[in-house]
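**Q** Questions regarding the structure given below will be posed in turn.
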Amino acid sequence: MDPPPDSGAAGGGDSAGGPGMPVTGKLGTLRFTRKDLNHLNLAEASTFGDYNKDGHVDVLSGPYWWQGPAFDKAHQLDQPTCTPA
């Protein structure tokens, strides 16, 4: 079976990407901006939720969570441990 034609969605087209790279779909257009939260690889995954109940989405990864919507303020939950990549 042939893959569907490139629709400009994530994973298709130009893989270079960039800040504010639009991702289009049938329901509308999303705009993503990359933000490096930590220069160390302290976790293999991340999740999101409103951890401080202020009405903004926050991000949690490893021993830290970052306060949204700017994600500039980190809160430490546990002692970080680094594993060589």
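Nothing in this text is a laboratory measurement; each read-out follows from the coordinates by a stated rule. Because the structure is predicted, anything quoted here is derived from the model rather than measured. Using ideal geometry, Cβ is built from the backbone for each residue, glycine included, and neighbour counts are taken over all protein chains shown.
**Q** Along the Cα→Cβ direction, 7 angstrom out, place labels at residue 48 and residue 34. What is the inter-label distance in nm?
**A** About 1.7 nm separates the two model spin labels.
**Q** Provide the descending list of Cα extents for the stretch 25-68 along its principal axes, expressed in whole angstroms.
**A** The Cα atoms of the stretch 25-68 stretch 37, 25, 14 Å along the principal axes, largest first.
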